[in-house]
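**Q** Here it is, the structure, as structure tokens.
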Amino acid sequence: MARKLKRSYRFALRSSFFIALFSIPTLGILLHIFFELNWWILLWFALFCFVFCFFILQYRVENFIYKRVKDIYDEVSLLESTSFQRQPVTTDMATLKREVEKFATDKKLEIETLKIRENYRKEFLGNVSHELKTPLFTVQGYILTLLDGAMDDENIRKKYLKRASKGVERLIYIVKDLDMITKLEVGDLNLEKEEFDIVELVGNVFELLEMKAAKQDITLAFDMVYDKPIMVYADRERIQQVVTNLIVNSIKYGREEGTTEVSIENLVKNKVLVRVTDNGEGIEAENIPRLFERFYRIDKSGSRKEGGSGLGLSIVKHIIEAHDEKIYVESEYGVGSEFSFTLEKAKEIA
């Protein structure tokens, strides 16, 4: 099957044909009036006229369209200087239309992305200021009260200094989490991977959070008895932070006399799946996609039942992704939630 000619060539061929077709009768009449009619001269002239017109039209149309389209690109900045490459000139209007539509679509997406980032930046700054101003104002209030004369009372002085100290600790906690998440996002946090027993690590976290869970009357437990260790290869300290944050969240949003259960499942492809399941408040479906955003609040009123930096789940996600692993969340409002993540198994020694 013959290759289909470019539209620009077809345009030039047709135009040349019409010019030659018009020129033959005109020349024939002139030859008949002033000279003896010579059909060979007429045919040669028609052929020459056709070929000459074809090349002139093709050259002129290509340059005419190319130069003006390039001027349009330059003026509306659809092409970056780095992306404009020298390539064969085309006058195919369909191709030009597709290119312009593609650049316009890319710019539209870029603008929409910038708007989303701008909204995210505003929301992030608002959340940071909200998180920082509460402990700052608390510390300031206690210090001003002491300076106004309460410092003379030893009991009040000691109580207010302890409360101010807790406010400072909260500030330090937030700043440390911000520093960590920044390092995780830019890839500046080095992971010190080693082989360890994930069952033992979870058990240690249970012991650390036992009193916190007891205040809420929440039971921390495994889904079954793990008689043998399950060895994984990861950064032990960071994974302990992941498990701690997930269990703390399950306690914070759990219901009284509830349960937080951890299960460890062997998967194919040398992976282990760790699940943290609770029967607490649960999460509404519209909030799940934004759970791992920094400072994102499910409670729109802005209140918290307990302190925290608001960065826990975001840090969890970045730590897991730094290990090249995945984290998942499933939740039903009023029923409970399940967070799970994968880890690499330690290599077995033959």
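**Q** Determine whether Glu261 is within 24 Å of Tyr333 (Cβ to Cβ), touching a strand residue (DSSP E or B) at 6+ places or on another chain (Cβ under 8 Å) and among the acidic types (Asp, Glu).
**A** It is true that Glu261 is within 24 Å of Tyr333 (Cβ to Cβ), touching a strand residue (DSSP E or B) at 6+ places or on another chain (Cβ under 8 Å) and among the acidic types (Asp, Glu).
**Q** Test Ser129 against the criterion of being at pLDDT 85 or above and either loosely packed, with under 12 Cβ neighbours inside 10 Å or under 43 Å from the mean Cα position of the chain (by Cα) (or both), and give yes or no.
**A** It is false that Ser129 is at pLDDT 85 or above and either loosely packed, with under 12 Cβ neighbours inside 10 Å or under 43 Å from the mean Cα position of the chain (by Cα) (or both).
**Q** Read through the list (1) surrounded by fewer than 20 Cβ atoms within 10 Å (Cβ to Cβ); (2) at pLDDT 85 or above; (3) more than 30 Å from the chain's Cα centre (by Cα), then give the number of the only condition that Thr260 fails.
**A** Failing condition for Thr260: (1).
Table: residues versus (1) crowded, with 18+ Cβ neighbours inside 10 Å; (2) within 23 Å of Ile116 (Cβ to Cβ); (3) not assigned by TED's automatic domain parsing to the domain that holds Gln216.
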| residue | (1), (2), (3) |
| --- | --- |
| Glu265 | no, no, no |
| Val272 | yes, no, no |
| Val276 | yes, no, no |
| Gly280 | yes, no, no |
| Ala285 | no, yes, no |
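**Q** Next question. Are any residues in the range 157-189 under 22 Å from the mean Cα position of the chain (by Cα) and either exposed (fewer than 15 other Cβ atoms within 10 Å of the Cβ) or among the hydroxyl-bearing types (Ser, Thr, Tyr) (or both), and if so, which ones?
**A** Answer for the range 157-189, where residues must be under 22 Å from the mean Cα position of the chain (by Cα) and either exposed (fewer than 15 other Cβ atoms within 10 Å of the Cβ) or among the hydroxyl-bearing types (Ser, Thr, Tyr) (or both): Asp179, Thr182, Lys183, Glu185, Val186, Gly187, Asp188.
**Q** Another question, if that's okay. With the checklist (1) of a type outside the set (A, V, I, L, M, F, W, C); (2) surrounded by 12 or more Cβ atoms within 10 Å (Cβ to Cβ); (3) under 29 Å from the mean Cα position of the chain (by Cα) in hand, flag the one item Asp223 doesn't pass.
**A** Asp223 satisfies every listed condition except (3).
**Q** Can I ask one more? Any idea which residue in the range 327-347 is farthest from Gly282 (Cα to Cα), counting only those that are surrounded by 13 or more Cβ atoms within 10 Å (Cβ to Cβ) and without any contact (Cβ under 8 Å) to a residue 40 or more places away in the chain?
**A** Selected residue: Ile327.
The values are calculated or read from the model by the stated rules, or taken from the named source; none is laboratory data. Worth saying up front: this structure is predicted, and the values here are computed from it rather than measured. Because the Cβ atoms are built from the backbone with ideal geometry, glycine has one as well, and the counts that use them run over all protein chains shown.
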